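Here is the structure we will look at.
The values are calculated or read from the model by the stated rules, or taken from the named source; none is laboratory data. If you're wondering where the values come from, they're calculated on a predicted model, not measured in any experiment. Reconstructed Cβ throughout: ideal geometry from the backbone, glycine too, with neighbour counts over all protein chains shown. Just so you know, the surface numbers come from the protein's heavy atoms only, side chains and all, with ligands and any DNA or RNA stripped out. Shrake-Rupley method; radii C 1.70, N 1.55, O 1.52, S 1.80 Å.
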Amino acid sequence: MNDKAPWERGSNGGSGNGGSGNGTDLSALETELAGVARRVERRIDPGVAALVAAVGVLAVVGGLLLPWVGSTTGWQLLVGVENLGPLPRLFTITATVFGLVASVLALTTRLWAIAFTAAVGCGISTVTGVWAIWTRQSGALEGVVGPGPGLILAAVAVAVLTFTWAKIALQRG
């Protein structure tokens, strides 16, 4: 039985005094360990926050299905069936891209870069969502229909996703 580690055995099977393959075996092991370390550094472990993110994604989907302004739903704005101005349309695009697509990709791949992108993108989407709500409310005095439950739900969901992804992405360091 041989009690030596593989890099201590050498190329002659461990029966010699170190062998000529020691340096190359140790070098290969160091290269492999460095690769493992890089793969681990790129990953996230969201833990319980993954459930919060999943519920946030479902809330964004629900917000896109509910009325945003009058009887116009979020998905109708997204595909261009209805036009309520640039801000609600911009919010539907950012909420879908970051709140839905980037969040689902981050949850499934568990890559740090995608989680960080989801955090930053959801932050931008939160600003555009609050801006879209504000424009609908400020125009309500002139007879413009105010924000509906879908718009408000989507804005709150994206705000929750912003803080959830920021917490997950910042835990890595």
- Just give me the residues in region 84-107 being exposed (fewer than 15 other Cβ atoms within 10 Å of the Cβ) and at pLDDT below 95, in sequence order. Gly85, Pro86
- How many residues are open to solvent by 40 Å² or more (accessible area, probe 1.4 Å), in contact (Cβ under 8 Å) with a residue 40 or more places away in the chain and closer than 14 Å to Val145 by Cβ if we restrict to region 47-83? 2
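For region 114-138, which positions are within 8 Å of the chain's Cα centre (by Cα) and touching a residue at least 40 places away in the same chain (Cβ under 8 Å)? Even if it seems obvious, please write down each step before you answer.
So in region 114-138, the residues within 8 Å of the chain's Cα centre (by Cα) come out as 114-119.
Result: Ala115, Phe116, Ala118, Ala119.
So, restricting to helices (runs of 4 or more DSSP H) that lie completely within region 50-155, which ones have at least 3 residues that are among the β-branched types (Val, Ile, Thr)? Walk me through it before giving the result.
On the way: elements: 74-79, 86-94, 103-109, 112-138.
The qualifying helices (runs of 4 or more DSSP H) are 86-94, 103-109, 112-138.
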- Message: For region 121-156, give me each residue that is open to solvent by 70 Å² or more (accessible area, probe 1.4 Å) and at pLDDT 90 or above.
- Response: Ile124, Val127, Val130, Trp131, Trp134, Pro149, Ile152, Val156
- Task: Would you point out the residue of region 157-173, among those that are within 19 Å of Thr94 (Cα to Cα) and open to solvent by less than 10 Å² (accessible area, probe 1.4 Å), that is modelled with the lowest pLDDT?
- Result: Trp165
